[in-house]
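**Q** Take this structure first; my questions come after.
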Amino acid sequence: MKPGTFTIHHTDGASRAGELHTAHGVIPTPIFMPVGTQGTVKAVCPEDLKNLGARIILGNTYHLCMRPGDEMIARRGGLHKFMNWDRPILTDSGGFQVFSLSGLRKLTEDGVAFSSHLDGSKHFFSPEKAISIQRNLGSDIMMVLDECVPYGADYDYTKKSLGLTTRWAERCRKAYPQGSGGQLLFGIGQGGFFRDLREESIRQLIDIPFDGYALGGLSVGESKPEMMDILYHSAPLLPADKPRYLMGVGTPLDIIRGIDAGIDMFDCVLPTRNARNGTLFTSLGKVNIKRAEYTEDDGPLDPECSCYTCRNFSRAYLRHLYQAQEILSYRLNTIHNLAYFLQVVTGARKAIEDGTFQAYKARFENIYDT
């Protein structure tokens, strides 16, 4: 099937199990996408990711543009070849990183001017530039340039911002017309924490033919009830026949609730970042491997997990590595956390197929909703 073909095979309530075809392979959904900010998922290599069952990873447009440069990567055959990853890649637009540089950027209708966090050099991202960079990277799924509204922004600012995001989305689509090649382009719904503005943003985006639709601007400092209110309100408004992507979210329970709301795709730095900080996710809940209680614990990290870390090493050893600040600590912890997050979504897919998703969801609410 051609890239962009999306088929839903099973549903259980609003949750969906499907397949998205891309130029570098088929992605089963729901799916979790490990984040490879600078052309690498921190602490692991591509072979590890394949062994864990990762079907798609993320690359970061801003960081790769700043270093080593998208044109340099293009001269080496694109990001897949550069990092030796032959499965799908999604690249963000760079907008979130640029807008986080609040003291170093200036927003206009044309785009955003900013100073590099590396050396202070001046750069400009327009919607067209964001697409050009992602075309050079050769990602399977590109994201439009949008403004990620900060938490707490008032109604008038948020309304003005979503209009700009829509106009930028239109320019991104014109820069890469549908059917131009094998890359897919997703739109991003904004609207802050105002239900009517979320509705307006999604209505505007639907009028532009995208290959998938994302919800942005969540997990930006709001409370969990606020995030879930917008998530459950907005997800059903996205086109049912296209993949739905919740950007930058989140914990295992966030992902399960996202699937419950009808979301198909997720990414977050949480499993890799927490792994490096000694916080590990298990079938029994979170484990802080730094704690003294694990000093002589010879049991596996998670008795229900079959990843390389859990098959071969004890909690006592993992604590020792962390306390000794050994590099192997990052690697083993990351392998497990990614394995766990990928198991969360593969388990969800099976539960949807079996019609038992609500019982599956309840397990995570019992473990993590404290």
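**Q** Any idea which residue in segment 270-296 is nearest to Arg363 (Cα to Cα), counting only those that are part of a helix (DSSP H, G or I) and in contact with a helix residue (DSSP H, G or I) (Cβ under 7 Å, 6 or more places away or on another chain)?
**A** The residue in question is Pro271.
A quick yes/no check of all residues on (1) surrounded by 12 or more Cβ atoms within 10 Å (Cβ to Cβ); (2) part of a loop (DSSP other than H, G, I, E, B):
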residue: Asp298; (1), (2): no, yes
residue: Pro303; (1), (2): no, yes
residue: Ala316; (1), (2): yes, no
residue: Leu328; (1), (2): yes, no
residue: Leu332; (1), (2): yes, no
residue: Leu338; (1), (2): yes, no
residue: Gln343; (1), (2): yes, no
residue: Tyr360; (1), (2): yes, no
residue: Asn366; (1), (2): no, no
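**Q** May I ask you to list the residues in segment 305-314 that are outside any loop (DSSP other than H, G, I, E, B), surrounded by 11 or more Cβ atoms within 10 Å (Cβ to Cβ) and not β-branched (Val, Ile, Thr)? Explain how you work it out, then say what you get.
**A** Restricting attention to segment 305-314, the residues satisfying the condition of being outside any loop (DSSP other than H, G, I, E, B) are 308-312, 314.
Retained after the next criterion (residues that are surrounded by 11 or more Cβ atoms within 10 Å (Cβ to Cβ)): 308-310, 314.
Passing the criteria: Tyr308, Cys310, Ser314.
**Q** Something else: Listed residues Ser161, Ser139; which is of a type outside the set (Val, Ile, Thr), surrounded by 23 or more Cβ atoms within 10 Å (Cβ to Cβ) and not in a helix (DSSP H, G or I)?
**A** Result of the check over Ser161, Ser139: Ser139.
**Q** Could you identify the single residue in Phe124, Phe114 that is modelled with pLDDT under 95, under 23 Å from Val220 (Cβ atoms) and either in contact with a strand residue (DSSP E or B) (Cβ under 7 Å, 6 or more places away or on another chain) or surrounded by 14 or more Cβ atoms within 10 Å (Cβ to Cβ) (or both)?
**A** Going through Phe124, Phe114 in turn, just one is modelled with pLDDT under 95, under 23 Å from Val220 (Cβ atoms) and either in contact with a strand residue (DSSP E or B) (Cβ under 7 Å, 6 or more places away or on another chain) or surrounded by 14 or more Cβ atoms within 10 Å (Cβ to Cβ) (or both): Phe114.
**Q** Against the conditions (1) of a type outside the set (Gly, Ala, Ser); (2) crowded, with 22+ Cβ neighbours inside 10 Å; (3) in contact with a Pro (Cβ under 6 Å, 6 or more places away or on another chain), where does Thr29 fall short? Just the number, please.
**A** Every condition holds for Thr29 apart from (3).
**Q** Out of the residues in segment 100-132 meeting the condition of being of a type in the set (D, E, K, R) and more than 25 Å from the chain's Cα centre (by Cα), tell me which one is nearest to Thr165 (Cα to Cα).
**A** Glu109
Listed here are the residues, each with its yes/no results for (1) assigned to a helix (DSSP H, G or I); (2) out of contact with any helix residue (DSSP H, G or I) (no Cβ under 9 Å at 6 or more places or on another chain); (3) in the same structural domain as Gln204 (by TED's automatic domain parsing).
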{"position": "Tyr62", "(1), (2), (3)": "yes, no, yes"}
{"position": "Cys65", "(1), (2), (3)": "yes, no, yes"}
{"position": "Phe96", "(1), (2), (3)": "yes, no, yes"}
{"position": "Lys106", "(1), (2), (3)": "no, yes, yes"}
{"position": "Ala113", "(1), (2), (3)": "no, yes, yes"}
{"position": "Asp146", "(1), (2), (3)": "no, no, yes"}
{"position": "Ala153", "(1), (2), (3)": "no, no, yes"}
{"position": "Asp156", "(1), (2), (3)": "yes, yes, yes"}
{"position": "Glu170", "(1), (2), (3)": "yes, no, yes"}
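**Q** Looking only at residues in segment 215-250 that are of a type in the set (S, T, N, Q) and out of contact with any strand residue (DSSP E or B) (no Cβ under 8 Å at 6 or more places or on another chain), which one is farthest from Tyr340 (Cα to Cα)?
**A** So the residue we want is Ser223.
**Q** Contact list please: Cβ distance under 7 Å, first residue in segment 198-211 and aromatic (Phe, Trp, Tyr), second residue buried (at least 23 other Cβ atoms within 10 Å of the Cβ), pairs at least six apart or on different chains.
**A** Phe210/Leu185; Phe210/Phe186; Phe210/Gly187
**Q** To continue, here is another question. Out of Ala214, Ala240, I need the residue that is assigned by TED's automatic domain parsing to the domain that holds Pro30, small (Gly, Ala, Ser) and surrounded by fewer than 23 Cβ atoms within 10 Å (Cβ to Cβ). Which one?
**A** After applying the criteria, what remains is Ala240.
**Q** So, in segment 278-328, exactly how many residues are among the acidic types (Asp, Glu) and in contact with a Cys (Cβ under 9 Å, 6 or more places away or on another chain)?
**A** Taking segment 278-328 as the starting set, the residues that turn out to be among the acidic types (Asp, Glu) are 293, 296-298, 302, 304, 326.
Of the ones still in play, those that are also in contact with a Cys (Cβ under 9 Å, 6 or more places away or on another chain) are 302, 304.
The qualifying residues number 2.
**Q** If I filter segment 172-213 down to residues being of a type in the set (S, T, N, Q) and part of a loop (DSSP other than H, G, I, E, B), which single residue comes out as nearest to Ile56 (Cα to Cα)?
**A** Gln183
**Q** Here is a check on your reading of the model: is Lys106 free of Cβ contacts under 8 Å to residues at least 60 places away in the same chain, more than 17 Å from Ile141 (Cβ to Cβ), exposed (fewer than 15 other Cβ atoms within 10 Å of the Cβ) and out of contact with any Asp or Glu (no Cβ under 6 Å at 6 or more places or on another chain)?
**A** yes
The values are calculated or read from the model by the stated rules, or taken from the named source; none is laboratory data. This structure is a prediction, so every number in the text was calculated from the model and none was measured. Note: ideal-geometry Cβ built from the backbone for every residue, glycine included; neighbour counts use all protein chains shown.
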